[in-house]
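What follows draws every value from the coordinates through simple rules; no lab data is involved. Keep in mind the model is a prediction, meaning the values are calculated, not measured. Don't worry about glycine lacking a Cβ; one is built from the backbone with ideal geometry, like all the others, and counts go over all protein chains shown.
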Amino acid sequence: MISKKMNEVLNGQVNAELYSSYLYLSMSTWFSEKSLSGFAGWMRAQAQEELFHSVKILDYILERGGNIRLEAIEKPRESWSSPLEVLQETAGHEAKVTDLVNDLVDVALEERDHAASIFLQWFVAEQVEEEATVGEVVEKMKMIGDHSAGLFAMDMEMGKRVFTPPTE
């Protein structure tokens with residue numbers, strides 16, 4: 001059985017993951033409006049991944065006998081000044097999500113909830129990957145600068161990403 005505190009913080013993380021999905025969907029539409037379909041597809045895959053994360057946590061809460069409390073999702077930002085700004089915000093957002101996941105692990109340890117601690121290790125590893133991936137994209141975008149040929153090439157590269165739900 002999940003503790004009340006662990007149930008509460010995991011419900012909060014469901015909301016955070018849903019917000020992340022919403023934010024990345026907003027970024028995807030911004031890229032689509034700028035005719036950057038590769039970036040738009042990459043962000044759409046990000047949105048799908050975050051939705052997957054929220055459902056994974058939701059299912060875990062239910063499996064542990066907890067209850068679900070879905071809250072309102074904050075409205076995401078809708079416009080940015082450049083593709084680089086979008087990706088820098090993405091990097092910052094992923095760092096924030098990493099902090100949230102670390103806080104969840106801290107609660108699991110405080111509550112002596114070893115099952116939750118083990119469950120959350122998947123998210124810890126996922127955030128290492130997320131931050132590295134987005135960080136690499138940001139660095140490439142900085143190298144490209146204002147060169148439209150580089151942006152075109154990067155858009156093509158970003159368009160190769162397809163969301164595939166992880167297998168356990």
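Who wins for biggest fluctuation among Ser20, Ser54, Ser81 in a Gaussian network model of the chain, springs between alpha carbons below 10 Å?
Maximum fluctuation in the GNM of the chain, among the listed residues, is at Ser81.
Is it possible to state the helix-based mean residue ellipticity at 222 nm for the chain, with each DSSP H run of 4+ residues giving -39500 (n - 2.57), the sum divided by total residues, to the nearest 500 deg cm²/dmol? What is it?
It lands at -27000 deg cm²/dmol.
Roughly how many Å is it from the Cα centre of region 1-21 to that of region 125-139, as a whole number?
23
Just checking my list (i) 1.02; (ii) 0.94; (iii) 0.96 against Rg/Rh (Cα atoms, Kirkwood Rh) computed from this structure; which label fits?
The value computed from this structure is option (i).
Quick one: dipole size for region 4-158, taken about the Cα centre, charges +1 on Lys/Arg Cβ and -1 on Asp/Glu Cβ, in debye to the nearest 20.
Taking the Cα centre of region 4-158 as origin, the dipole is about 320 debye.
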